[in-house]
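Q: Sharing a structure here in structure tokens format.
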Amino acid sequence: MRRIWSDPRLRSVVTASVTLGLATGVFAVSFGVLAVSAGASMAQTCVMSLLVFTGASQLSAVSVIGAGGSAGSALGGALLLAARNGVYGLTMAGRMRGRLATRLVAAHVTIDESTAMSSAQEDPEAQRIAFWITGIGIYVFWNIGTLVGALAGDAIDPEKYGLDGAFPAAFVAMLWPLLRTRRGRLAAVLGAVISLATIPFVPLGVPLLCATLAIAVGIPAEPPDAAERAP
């Protein structure tokens with residue numbers, strides 16, 4: 001710990017990781033409010049954050065259920081979104097070593113932010129510090145934010161305060177950088193067309209599954225340098 005605070009480079013990594021955790025905790029308040037508004041109890045909402053701990057999947061499931069979709073549709077979409085964490089696990093497996101218990105904890109906090117913060121560092125020690133501080137920090141603040149939102153859920157109208165837009169806004173933010181590539185733009189258009197075409201005929205949430213599967217199967221991979229050549 002003394003090494004961290006005496007090394008400006010490591011100190012900046014810790015500061016950035018903690019700041020990211022705080023920001024995510026604020027966003028978690030929206031999830032807590034939306035989950036309670038969708039019909040979940042405070043205990044169910046908090047347990048979901050404790051055990052699932054993948055914000056996009058949690059927001060997806062809550063949004064589908066809240067809009068009247070089936071549990072199967074909600075689960076299917078959430079699982080598809082959570083599958084990306086398996087890829088992150090493969091990326092981090094070579095960096096996170098230790099006892100089984102340590103690796104299990106590491107697996108639970110392997111998310112977008114902890115993987116990105118770790119991958120942005122060049123030094124192996126900085127990679128480990130960024131991963132653990134970011135992962136654990138976000139886990140703590142995400143669950144605190146969820147609890148605060150769940151406690152306030154009955155007193156806050158999501159539509160009045162715009163919290164019902166948190167889920168689509170989060171996905172737009174995640175999607176926007178991918179539109180820089182031709183393949184990303186093609187996936188966005190294909191997904192939108194399939195969703196709009198299937199909405200009148202299938203249960204709520206199923207269009208998302210159809211679009212995701214079509215994108216995964218129907219769009220070929222780009223060459224590694226395609227992103228650099230994209231306009």
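The values are calculated or read from the model by the stated rules, or taken from the named source; none is laboratory data. Remember, it's a predicted structure, so these values are computed and weren't measured experimentally. Ideal geometry is used to build each Cβ from the backbone, glycine not excepted, and the neighbour counts take in all protein chains shown.
Q: Quick test of your reading of the structure: L79 fulfils all but one of (1) over 22 Å from M117 (Cβ atoms); (2) within 15 Å of the chain's Cα centre (by Cα); (3) at pLDDT 85 or above. Name the failing condition by number.
A: Unmet condition: (3).
Q: Let me ask something else about it. Considering only residues that are among the aliphatic types (A, V, I, L, M), in contact with a helix residue (DSSP H, G or I) (Cβ under 8 Å, 6 or more places away or on another chain) and within 26 Å of G86 (Cβ to Cβ), which ones fall in region 41-57?
A: M48, L50, V52, A56
Q: Tell me, please, whether a residue that is part of a helix (DSSP H, G or I) and more than 17 Å from V140 (Cα to Cα) can be found in region 20-33.
A: There is at least one residue in region 20-33 that is part of a helix (DSSP H, G or I) and more than 17 Å from V140 (Cα to Cα).
Q: For region 74-81, does any single residue satisfy the condition of being among the hydrophobic types (A, V, I, L, M, F, W, C) and part of a loop (DSSP other than H, G, I, E, B)? Lay out the reasoning, then the answer.
A: Initial filter on region 74-81 (among the hydrophobic types (A, V, I, L, M, F, W, C)): 74-75, 78-81.
Subsequent filtering for residues that are part of a loop (DSSP other than H, G, I, E, B) retains none.
No, the conditions are met nowhere in region 74-81.
Q: Residue by residue through region 63-83, note down the ones that are surrounded by fewer than 16 Cβ atoms within 10 Å (Cβ to Cβ) and of a type outside the set (A, V, I, L, M).
A: Correct list: G68, S70, G72.
Q: Additional query: Exactly one of these conditions fails for L51: (1) crowded, with 19+ Cβ neighbours inside 10 Å; (2) closer than 23 Å to G137 by Cα. Give me its number.
A: (1)
Q: In region 144-200, how many are assigned to a loop (DSSP other than H, G, I, E, B), of a type outside the set (S, T, Y) and modelled with pLDDT of 65 or more?
A: Residues meeting the conditions: 2.
Q: Within region 82-105, identify whether any single residue is among the small types (G, A, S), modelled with pLDDT of 80 or more and within 20 Å of the chain's Cα centre (by Cα), and answer yes or no.
A: yes
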